[in-house]
1. Tell me, what HN-Hα J-couplings in whole Hz come from the Karplus equation 6.51 cos²θ - 1.76 cosθ + 1.60 at θ = phi - 60° for each residue of the stretch B:13-19, using x for Gly and Pro?
2. Using a basic spin-label model with each label point 7 Å from the Cα along Cα→Cβ, how many nm lie between B:Phe136 and A:Ala92?
3. Can you sort A:Tyr52, B:Tyr46, B:Tyr9 so the residue with the fewest Cβ neighbours within 10 Å comes first?
4. Just tell me how shielded B:7-17 is by partners: mean number of partner chain Cβ atoms within 10 Å of each residue's Cβ, no decimals.
5. Per residue of chain A, what 222 nm ellipticity follows from adding -39500 (n - 2.57) for every DSSP H run with n ≥ 4, rounded to the nearest 500?
6. Determine the calculated [θ] at 222 nm for chain B from helices alone, applying -39500 (n - 2.57) to every DSSP H run no shorter than 4 residues and normalising by the residue count; nearest 500 deg cm²/dmol.
7. Rounded, prolate or oblate: which one fits chain A, using the alpha carbon gyration tensor with axes a ≥ b ≥ c (rounded when a/c is under 1.5, else prolate when a/b beats b/c, else oblate)?
8. Apply the a/c threshold of 1.5 to the C-alpha gyration tensor of the protein assembly as shown and tell me whether it is rounded, prolate or oblate.
Amino acid sequence: MPPLENVLIVNAIIFAIGVMGVLTRRNAVLILMSLELMLNAVSLNMVAFAVYGRVGFGNFTGIIFALFIIVIAAAEVALALGIVVRTFRNRATANVDEINLLKW
Amino acid sequence: MSAAEAVYYVVAVVAILSALGVVLAGNIVHAAIFFILALGGIAGFYLMLSVEFLALVQLIVYGGAVTILILFALMLTRARERPQALFGKTRPLGVVASLALLAAFIGASVGTDWFEQTPRGDIEPVPFQELGDVIFTVWIVPFILIGILLSIALDGAVLLAVPDEED
């Protein structure tokens, strides 16, 4: 197995790529995809800590947290895509910088 | 370097390159395809960390459900019919901010002593049965709550997406 530092660095790279997508993209669906990358990197981190610290005593907390994160992410993506489709019907755009109803 | 470690780095390169594809691709549908590949890479990470259960859940939930939802959203918002700029005006700032965040994370990972978290010996696979026992005894209340949350969220998504009567 690779040392824990390398696992954490790989996860940090994936998380930073997700942050870059959220900050640079315009389309709401692409932003959601980048958000999913960030969530995946975080749950990978939890699993890495759970697995590397686990030898000798049974500790499933990190793994169960990752499972819950996957469920939350599935709920979040379903709800957010519903909102995106609804917004597209009302405003005929899926770009977050054109959805400016609240902008004064 | 052992064989398992080499496989881990190959999977890492695939996952990172396809994640970059999600963020940088100039075509929305290509980005979605790269997204599927990145999720497959993350399922591979779970396998390498010997958590087979999570790898299966990842493939079913993300590879199946989330990908289909995203492709349908792309189709319903007609993302391909009207080509337009995919990146916002603040793109350079976003790139700089994410690189700064990455530098902070890498600095923290390298600068910490992980001796406590270093396994002595091989990592055993996480047994399905014990995991199920723990979920349905210790974690049963959060498990039920998250089931309720999931059904409420999916009902809300349907309510949001269904057209109004007057439309």
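1. Residue by residue, the stretch B:13-19 yields 5, 4, 5, 5, 5, 6, 5 Hz.
2. Once both label points are built, they end up 5.4 nm from each other.
3. Fewest-to-most ranking of A:Tyr52, B:Tyr46, B:Tyr9: B:Tyr9, A:Tyr52, B:Tyr46.
4. Going residue by residue through B:7-17 and averaging, the value is 3.
5. Mean residue ellipticity at 222 nm (helix-derived): -26500 deg cm²/dmol.
6. Values: 7 runs with 113 residues, N = 167.
Result for chain B, helices only: -22500 deg cm²/dmol.
7. prolate
8. The shape class here is oblate.
Since every read-out is calculated from the coordinates, none of them should be taken as a lab result. Not measured: the values here are computed from a predicted model. With ideal geometry, Cβ positions are generated from the backbone for all residues, glycine too; neighbour counts draw on all protein chains shown.
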